[in-house]
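Structure, as structure tokens:
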Amino acid sequence: MDYKNILTEIKDGILYVTLNRPKQLNALNKAVFSEFEAILNDAENNDEIKGLIITGSGEKAFAAGADIKEFAHFTVEQGKELSANGQRIFKKAEIFKKPIIAAVNGFALGGGLELAMACHIRIASDNARFGQPEVSLGVTPGYAGTQRLTQLIGKGKAIELLMTGAMIKADEALKLGLVNYVVPQKELISKSEDIMKTILQQSPVAVAGVIRCVDAFFTDGIDGFKTEVEEFGKCFGTEDFKEGTDAFMNKRKPDFTGK
Ligand code: CAA
């Protein structure tokens, strides 16, 4: 895989995705979005890839938002299109069947925070900064920041951050439940790998089911409890279920195939 704005590398079943526009603090322009979508599409069908870790290039930024210079002269229609396309692609990440961890290594602002929130788990380095500063530019967030921030930290604090555009530090993001862990920057990737490796030892079929069940909780018109009944039931027909239960009864470690 060869992309201009994103670096990719596969190691031990993990696809490392590094947003790579460091001079622009990894701002998300159209090219980044189309490359990111292509990477997700490829990763979905590539059996070598079991999970993804997304980070930003350099020590300063995960991503400082949508590329302001690119959209500054957009029309109303172009603005809607930008938002709809970004939401569509980030939704793919949110319901991706393989685990995705955001390793937030610096600024995660606007679209950058929206990307991190679309990932399943967020690990932050201690220098990370979070915010939805769009109101300072005269826009609302457009890549589902108003929705996912509210889901993750609750209405009271989310609406404050969204209305003030304030930036918060990693320790406050941890207190709010916006990130799962905060670690020194040099430990960011190894902490993300530790969590990913624990997930990758579980049944990939069941992990994908968990992702769908949790997403169902937040999806209008879908009963998450019913989704859980379906997903639970489906597992009984899988090789992973036979392997997991057999391993338990024979006091050995399971070796899941994801089938
Ligand atoms: N878009 C385009 N370029 C950006 C950018 C962005 N979101 N964020 C930073 N850059 C560029 C800067 O323009 C600068 O480029 P030049 O050297 O060519 O001028 C370079 O990255 C370095 O940035 P700064 O000099 O500003 O670095 P700093 O350390 O002084 O400040 C910062 C860092 C506080 C993150 C500041 O860059 C900043 O406020 N950036 C914008 C953050 C923002 O408003 N994000 C929301 C974007 S809108 C959005 O995301 C909408 C949506 O939901 C869809």
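The values are calculated or read from the model by the stated rules, or taken from the named source; none is laboratory data. Bear in mind that the values here come from a model prediction, so they are computed numbers and not experimental data. Cβ placement follows ideal geometry from the backbone for every residue including glycine, while neighbour counts extend to all protein chains displayed. Side chains included, ligands, DNA and RNA excluded: accessible areas come from the protein's heavy atoms. Shrake-Rupley method; radii C 1.70, N 1.55, O 1.52, S 1.80 Å.
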### Query
Restricting the search to the stretch 109-134, which residues are aliphatic (A, V, I, L, M) and near the ligand (Cβ under 10 Å from one of its atoms)?
Leu109, Leu113, Leu115
### Query
Can you tell me which residues in the stretch 105-146 are touching a residue at least 60 places away in the same chain (Cβ under 8 Å), of a type in the set (S, T, N, Q) and either open to solvent by 10 Å² or more (accessible area, probe 1.4 Å) or closer than 19 Å to Ala84 by Cβ (or both)?
Asn127
### Task
Filter the stretch 193-220 down to residues that are open to solvent by less than 80 Å² (accessible area, probe 1.4 Å) and not in a helix (DSSP H, G or I) and give me whichever is nearest to Pro99 (Cα to Cα).
Ser203
### Flag for Gly79 being assigned to a helix (DSSP H, G or I) and in contact with a strand residue (DSSP E or B) (Cβ under 9 Å, 6 or more places away or on another chain)
no
### Task
Check Ala63, Ala43 and return the single one that is within 16 Å of the ligand (Cβ to nearest atom), open to solvent by less than 40 Å² (accessible area, probe 1.4 Å) and closer than 23 Å to Ile95 by Cβ.
Ala63
### Query
If you scan the stretch 76-103, which residues turn out to be open to solvent by 80 Å² or more (accessible area, probe 1.4 Å) and away from the ligand (no atom under 15 Å from the Cβ)?
Glu77, Ile95, Lys97
### Task
Within the stretch 46-57, track down each residue that is within 16 Å of the ligand (Cβ to nearest atom) and surrounded by fewer than 15 Cβ atoms within 10 Å (Cβ to Cβ).
none
### Summary
Only one of (1) surrounded by 16 or more Cβ atoms within 10 Å (Cβ to Cβ); (2) in the same structural domain as Lys155 (by TED's automatic domain parsing) does not apply to Ser190, and that is (1)
#### Entry: Matching residues in the stretch 113-147 - criterion: being farther than 13 Å from Ala102 by Cα and charged (D, E, K, R)
Asp126, Arg129, Glu134
### Message
Criterion first (surrounded by 15 or more Cβ atoms within 10 Å (Cβ to Cβ) and either out of contact with any Asp or Glu (no Cβ under 6 Å at 6 or more places or on another chain) or at pLDDT 95 or above (or both)) does Phe225 satisfy it?
### Response
no
### Yes/no for Lys253 being open to solvent by 70 Å² or more (accessible area, probe 1.4 Å) and in a loop (DSSP other than H, G, I, E, B)
yes
### Message
Quick check on my filter: what residues within the stretch 10-40 are open to solvent by less than 10 Å² (accessible area, probe 1.4 Å), within 16 Å of the ligand (Cβ to nearest atom) and within 30 Å of Gly258 (Cα to Cα)?
### Response
Leu19, Phe36
### Query
Would a scan of the stretch 135-142 turn up a residue that is over 19 Å from the mean Cα position of the chain (by Cα), within 13 Å of the ligand (Cβ to nearest atom), at pLDDT 95 or above and closer than 24 Å to Glu94 by Cα?
yes
### Query
Got at least one residue in the stretch 174-181 being touching a residue at least 40 places away in the same chain (Cβ under 8 Å), within 17 Å of Ala116 (Cβ to Cβ) and outside any loop (DSSP other than H, G, I, E, B)?
yes
